[in-house]
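So the structure is just underneath, and the comments pick up after that.
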Amino acid sequence: MDEQQFVGLLESLMQPDTERVKSATATLNKNYYSSPASLTALLHILVSHQSPNLRQLAAIESRKLVKRHWLDLPNDQKPQIREQLLQSTLSEEQSLARHSKARVIASIAQIDLADGQWQDLPDFLQRASTSQTASHREVGVYIIYTLLETMPDMFQENMSAMLQLFTKTIQDPENAEVRINTMLALSEICMVLDTDEDPQSLKAFQDTIPHMVRVLQQAVDDGEEDRAMQAFEVFNKLLSYESAFLNAHFGDLMQFMMQLSANTEIDDDSRSQALSFLMQAVRYRKLKVQGLRIGEQLTTTSLQIVTELGELSAEDEDITPARSALGLLDILSENLPPSQVAVPLLRAIGPFVQNPNADYRRAGILALGMCVEGAPDFISTQLAEILPMVLHLLEDPEVRVRSAALNGVARLADDLAEEMGKEHARLIPALVKNFDLAMQQLNGPAGDENLAIIKQSCMAIDSMIEGLDKEDASKYVGELVPRLSPLFQHPEVKVQISAIGATGSIASASEEAFMPFFEGTMQTLGQFVSIKDSDDELELRGVVCDSLGKIASAVGAEAFQPYVTPLMQASEEALHLDHPRLRETSYILWSTMSKVYDDKFAPYLAGVVKGLIECLQQDESEDGVTLGEEARELLGQEVTIAGKKVKIADIGAGADDDTTIDIDDDDDEDDWDDLGAVTAVAMEKEIAVEVIGDVLTHTRGHFLPYFQQCVEAVLALVDHHFEGVRRSAIGTLWRGYASLWAMAEDNGMAKWQSGLPLKVQATDDLMKLGSLIMTATLALWQDEVDRGTVTDIHRNLAATLKLCGPAILTASIGENAASPVQQIVEMILSILQKRHVCQQDLDGEDEFDVDLESSEYDWLVIETAMEVITCLAAALGESFGELWQIFEKPVVKYVSGTEKYERSAAVGTIAEAIGNMGASVTPYTTNLMKIFLKRLGDEDPEVRSNAAYGTGLLCEKSTNESEITGQYNTILAKLEPLLHQQQEARLLDNSAGCVARMIKRHPNNVPLADVLPVLIQLLPLREDYEENEAVFEMIVALYQQQNSVIQGLTSSILPVLQKVLSPPEEQLSDETRQKVMQLAQQNTSRRQRRQDASSAGEDGQFFGQRTYAIYSKSTGEQCIRQIYNEQYDSNSQAAIATSKCRGEQETDPQWCVEAHVIHERRTDDIKASITIEHYIIPRDTNPDNRQQDDRT
């Protein structure tokens, strides 16, 4: 081997000449590295060469070759090599070079010690670590650290001795490197320390934590950024280990990190790292943090830090303490209950928004915006206090404050769409005012600031308008679109994006009201559909694609038809432009088009499915590490790989190979496991999976040729490393099952019936698919750590049970596996008892108080589990009664919860379960009645409403007659205060439903003369239309019984009937509507009408209205749901109309119009009587005349 040429080739690797580097690499790999002699040569260079850069490179290259060639070296040479390595490392003057040599020693030791060789190494390390020479101690501890990284088990038997050593070295009086290296070693020894079996060693480790804190504090005080970052990294790593390591000092550590983060005297990087630790602590130790009750302190500390945001623009992505503090507020609101975050925040920001310092005013509204997503339910209850502050800040004299206020409006509207939408009359004019003012001052000295206002205004309008119903949104189309459309051509691409995005949302919300602007908007946006010359253009193209989809859903299939084909072609081209965001918008466009066109989307399915499947089959390892010679230009720079920042070492500058990416070293493969967090490809797959669900749902039978292929592709992603993909995969699979079920029913399969064994057998395809999905769901559900995914599992399972019934509960999931019902019950119980892994801290080892208040996200997990219970009851029917014996205690526990949302959900769950299980509730009647009676007096109207609903259902379903009727007077006494018009609509409706059920079941136990007049005054129901069924079933039943009380109230009931037979149609189900119509017919006669007309005389005034509904003569099926009304105001008009109807009644056309003619006679403004006539009016069968016939 030519050693001179070998050294020359190594030196070539450090040159800036790319071609020379490639040539040298090829020669080394071909002619040298295949021989064991190359390792000997590299080790010789490592211990003896004068150039530190070459020694560094030799260390890197030799580590690669140790595993390949060390065993092939002559055994008689090895002792000398080992000794030279040790002595060279001890005498190495440069710290980075010492570390590089130490890693080579660890690589050799990993082989030798496993083979029984190098027996004197442990003694050497002990002597070096306790040497009087500081550099020797540094080397000894660092080699131990590298050995702990690669082969930690070798130290397990000597754990006590190691910890005794580290207890000394962590307090090294001379050398900071010794202390830092000890921290690194301690972070690795946790991997093999058994906290349960070795409490003494655990205690010894815990005793080192205060010393670690001092090491970090000293590094921060001395401005030693590298050492401080290493220390922070150790503490972050400890958070991911068993909680036992930090528990003893966790509270003190949190206080220390808060002090660091708030200390404006230290460097910003250290403060940001302290905030990062706090974020991870809240995320992974939320129960511990909550138990310490430091949420308020964390919140107010963060709020104060946000005031330091300064003049940073919204586009500035640098990590600063202020930005990190905003991130901490976001995590706090997601993981801690409102009482520890949202409540103290709202208390604190009041003075902030009134502060004369603009930085404080901005901080207040920004902090509020960050907390909305995590606590939307609580924030929604505080809007009355929040909105005046927001409106005040939208008028602030400082542009940056108004910009922050606009951002706050957008965030509030994103998460509180309905509640914010109710305030549109106050908010949208304020947004427009900011927009107009910024446009006027755009060319002034504060042009950039006003440009930011324009963008923020557009985004706020975008968010606000989506929360409005069609009628309200339509009011603003003419005002907003002419303002936004000129910005489509703005030179600043982000302005274009915000304006186009807002326009799409305006169209989506306003629907046909957007039509006057449709053609012009399409002509302008059409020019952007194919742009692709830069990243900015691709980003703009994606937003245009998204907005065009919204416009299509607004104007409808027919109007948008001319644009479909070119838009679909552009979207398929976009898949090949190497822009993840653009690909995502293409998928979303396909979803929207499938909704708009339904089965007419079928011609595009082949291309759509092909694109989506290709997305799902992408190799995500491509986002990992594939650094070749081209990466040489990145030397010394920090790059982001798979979402993680990695520094590429500059060998020529003598950088430490600790941070060098060693792409050929198999030892480092595990290091990349953590980089699979969230990649661009993973997020793209999440969208694609959701779109598959949308497309198959809307194209139904046309999707069947692609069904199996898509199910197989999605099923493979159920255990994906990214929770977003897992979540969307489970959702799409269940949607696929529901769609296949609906198609089977369309093809003749009977509708499901409740109960097991099955009364209706599902098709073989459904049973096979159900088995696959249920098996995957149960496996994921068991171990899923992401609460959002668990919540979605609950929602999907509940929806499927409700839609498809009990068949899924009979799915085959393996011979030895427990039945689906048993596993579902076990999982729901674990959720209700807060024992599921997604409800625990990271390791789930700590005991905690199950009565701790939940964050809103945590509560969703429990609330949706209760939905599964009610839907399980729906699927099982009366056979659910046996399961209620299991569920009753854990559900009832929440009935007495301190939080109103707990009580409301629990009472509602019990009520729904009763309604679904029917008479099998009877054994539980006494206990449940006590619960409902108590909650009828709850302080919260929602709880009272659910209690009224449940009480009525219990009275209706239970066969325990004596218990039920014995409580009637008590129930009525409890309900009496609720039956007043000033109560909330839903509470009134459910109270009315309760009374109706009581009367229908036991009319003789209710004082009808006292109760019915009050009940009739509450009609028609205003919000909970489902209760109309109970109310009108009761009224019909009383009329059928010829009850005198109800007959005497006919004059009050008839106007109610008129209102419920009028729009909105959702007031009544089809079945209930028929009964109400029949009731109206049965209570009138033509004789009574003529008598009323005669008694009125010529001066009597008649006011009438006809309500028409079109029916099939042969089947009685209602064919057109729209109601047609005709009003008249004279006796003669009514007589002529009704006479005509009678004359034509004998005809027998195919289609008929059923008419209810309601006459109200008034004399001297006093209501005298009301009569209703029923006629069958022929509908012209000539298609040319049908439009005119509809009108008449």
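Please treat every number below as a calculation from the coordinates, not as lab data. A quick note: this is a predicted structure, and the numbers were derived from the prediction, not measured. Because the Cβ atoms are built from the backbone with ideal geometry, glycine has one as well, and the counts that use them run over all protein chains shown.
Using alpha-carbon positions, what is the distance between the centroids of segment 532-560 and segment 948-996, in Å?
What the calculation gives is 52 Å, centre to centre.
Let's test this: bin the Cα-Cα distances of segment 819-976 at 10 Å from zero up to the farthest pair and state each bin's percent.
For segment 819-976, the pair-distance distribution reads 11, 39, 33, 14, 3, 0.
P(r) for segment 422-516: what percent of alpha-carbon pairs falls in each 5 Å bin, starting at zero?
It works out to 2, 15, 26, 25, 17, 9, 4, 1, 0, in whole percents.
Expressed in whole Å with the largest first, what are the equivalent ellipsoid semi-axes of segment 40-126 derived from the C-alpha gyration tensor as the square root of 5 times each eigenvalue? Write down the numbers at each step before the final one.
Working: eigenvalues 78, 45, 24 Å².
So the three semi-axes of segment 40-126 are 20, 15, 11 Å.
Would you mind getting the Kirkwood hydrodynamic radius of segment 453-494 from its Cα pairs, rounded to one decimal in Å?
Values: mean 1/r = 0.0889 Å⁻¹.
Kirkwood radius, segment 453-494: 11.3 Å.
Using the Karplus curve 6.51 cos²θ - 1.76 cosθ + 1.60 with θ = phi - 60°, work out ³J(HN,Hα) for each residue of segment 727-735 in order, rounded to whole Hz, and write x for Gly and Pro.
Values per residue, Gly and Pro as x: 4, 5, 5, 4, x, 5, 4, 5, 5 Hz.
Calculate the FRET efficiency for Met767 and Ala1009 from the Cβ-Cβ distance with a Förster distance of 41 Å, rounded to the nearest 0.05.
On the way: r = 56 Å, r/R0 = 1.37.
It comes to 0.15.
With the radius of gyration and the Kirkwood radius both derived from the Cα set of segment 279-431, what is their ratio Rg to Rh? Provide the component values of the computation, followed by the final result.
Details: Rg = 14.8 Å, Rh = 15.5 Å.
Reported Rg/Rh (Cα atoms, Kirkwood Rh): 0.95.
For a paramagnetic label modelled at 7 Å from the Cα of Glu963 toward its Cβ, which residues of segment 868-886 fall within the zone defined by backbone nitrogen distances under 16 Å?
Of the residues in segment 868-886, 881-886 have backbone N under 16 Å from the label point off Glu963.
At a 10 angstrom cut-off on C-beta neighbours, averaged per residue, how do the peptides 810-817, 550-557, 1030-1037 rank from highest to lowest? Could the numbers behind the result be given before it?
Numbers: 810-817: 13.1, 550-557: 20.2, 1030-1037: 22.0.
Final packing ranking: 1030-1037, 550-557, 810-817.
Please report the net charge: other residues with Cβ closer than 11 Å to the Cβ of Leu740, K and R +1, D and E -1. Before the final figure, lay out the partial values.
On the way: positive: Arg700, Arg735, Lys768; negative: Glu745, Asp746, Asp765.
With Lys, Arg at +1 and Asp, Glu at -1, the net is 0.
Could you check the spin-label model distance between Asn31 and Asn747? Points 7 Å from the Cα along Cα→Cβ, value in nm.
Each label point is offset 7 Å from its Cα along the Cβ direction, giving 7.0 nm.
Rounded, prolate or oblate for segment 8-81? Axes are the square roots of the Cα gyration tensor eigenvalues, ordered a ≥ b ≥ c, and the cut-off for rounded is a/c under 1.5. Provide the component values of the computation, followed by the final result.
Working: a/c = 2.84, a/b = 1.54, b/c = 1.85.
It is oblate, given that a/c is not under 1.5 and a/b is not larger than b/c.
In whole Hz, with x marking every Gly and Pro, tabulate ³J(HN,Hα) for segment 1067-1074 from phi via Karplus 6.51 cos²θ - 1.76 cosθ + 1.60, θ = phi - 60°.
With coefficients 6.51, -1.76 and 1.60, one gets 4, 10, 6, 4, 5, 5, 4, 4 Hz.
Local charge sum around Gly918 (other residues, Cβ-Cβ under 11 Å, Lys/Arg +1, Asp/Glu -1)?
On the way: positive: Lys957; negative: Glu878, Glu956.
Residues close to Gly918 contribute a combined charge of -1.
Tally Lys/Arg at +1 and Asp/Glu at -1 over every other residue whose Cβ is under 12 Å from the Cβ of Ala713; what's the total? Kindly include the intermediate steps, with their values, before the conclusion.
Numbers: positive: Lys610, Lys685; negative: Glu614, Glu712.
Result for the neighbourhood of Ala713: 0.
For Lys67, give me every one of the lysines with a C-alpha distance below 16 angstrom, ignoring sequence neighbours fewer than eight places off in its own chain.
Result set, ordered by chain and number: Lys78, Lys101.
Residue by residue through segment 1041-1052, which ³J(HN,Hα) values in whole Hz follow from phi under the Karplus form 6.51 cos²θ - 1.76 cosθ + 1.60 (θ = phi - 60°), with glycine and proline marked x?
7, 6, 5, 5, 5, 5, 5, x, 9, 4, 4, 8
Can you order the peptides 363-371, 568-576 by their average number of other Cβ atoms within 10 Å per residue, highest first? Please list the in-between numbers first.
Numbers: 363-371: 27.3, 568-576: 18.1.
Ranking, from highest mean packing down: 363-371, 568-576.
Return the distance in nm (one decimal) between the two label points of a simple spin-label model at Ile886 and Asp469, each offset 7 Å from Cα along Cα→Cβ.
Reported label-point gap for Ile886 and Asp469 is 4.3 nm.
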